[in-house]
Amino acid sequence: MTKKEALSFIKEMYEEVLTKFNIEKVETYFSPEYQQVTDGEVSTLDEFKKHLSTLKGLTKQLEIPAFHDVLFEEETQQGCFRYTVHVELANGDRGFIDVMALFTLLDGKIIRCDELTRAHEKHETFEQLGHIS
């Protein structure tokens with residue numbers, strides 16, 4: 001993918017999978033061999049889907065208004081995205097989580113994501129939201 005195609009692909013994935021929780025669309029964007037490492041926690045594709053289901057139950061809304069920084073290397077098909085997730089939990093609590101995600105693409109799908117998260121607030125759920133299952 002070119003940088004422009006990759007940016008569009010990742011934006012679309014976040015919209016469909018993370019903010020709309022369309023779990024049935026996961027395979028559109030992610031390889032069956034997908035591996036995710038978030039804050040040191042390793043997940044397979046099935047574990048990632050379970051994570052999304054848990055997020056759907058815990059949250060009322062997730063929003064990513066914009067990417068603060070985007071770097072993409074066409075030769076290696078790796079992209080780094082820095083952004084802030086605006087979260088509203090099902091109980092009404094609101095907060096922000098900073099995320100830095102390094103994606104690796106292969107054959108037009110995401111095969112790996114290495115991700116670090118940091119909650120703005122001292123709140124147990126926000127602190128665990130990036131890797132909760």
Can you tell me the dipole magnitude for the range 3-128 around its Cα centre, using point charges on the Cβ only (Lys, Arg +1; Asp, Glu -1), in Debye to the nearest 20? 320
What relative contact order, as a whole-number percentage, does the chain give when Cα pairs under 8 Å and 6 or more residues apart are counted? 24
Angle between the Cα long axis of helix 3-13 and the longest principal axis of the chain, 0 to 90 degrees, nearest 10? 40
Hey, which lysines would be in cross-link range of Lys122, C-alpha to C-alpha under 23 Å, not counting anything within fewer than 8 residues on its own chain? Lys56, Lys60
The range 10-74, Rg to Rh (Cα coordinates; Rh as Kirkwood inverse mean 1/r): 0.96
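Note down, for the range 59-133, the three equivalent ellipsoid semi-axes (square root of 5 times each alpha carbon gyration tensor eigenvalue), biggest first, whole angstrom.
27, 12, 11
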The range 98-133 residues near the modelled Thr28 label - backbone nitrogen below 15 Å, point 7 Å along Cα→Cβ: 109-110
Using Cα centres only, tell me the gap between the range 97-133 and the range 33-56 in whole Å. 9
Largest first and in whole Å, what are the equivalent-ellipsoid semi-axes of the chain based on the Cα gyration tensor, each being the root of 5 times an eigenvalue? 23, 16, 13
Pop the C-beta distance of Glu121 and Thr2 into the FRET formula with R0 = 41 Å and round what comes out to the nearest 0.05. 0.60
Which value in nm describes the separation of the simple spin-label points at Glu47 and Asp93, placed 7 Å from the Cα toward the beta carbon? 2.4
Charge tally in the Cβ shell below 11 Å around Lys109, where Lys, Arg are +1 and Asp, Glu are -1, Lys109 excluded: -2
Cα long-axis angle, helix 45-58 against the chain (0 to 90 degrees, to the nearest 10): 30
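Readers should treat all values here as calculations from the given coordinates under stated rules, not as data from a laboratory. Quantities reported herein were computed from a predicted structural model and do not represent experimental measurements. Cβ sites come from the backbone with ideal geometry, for glycine too, and all protein chains shown count toward neighbours.
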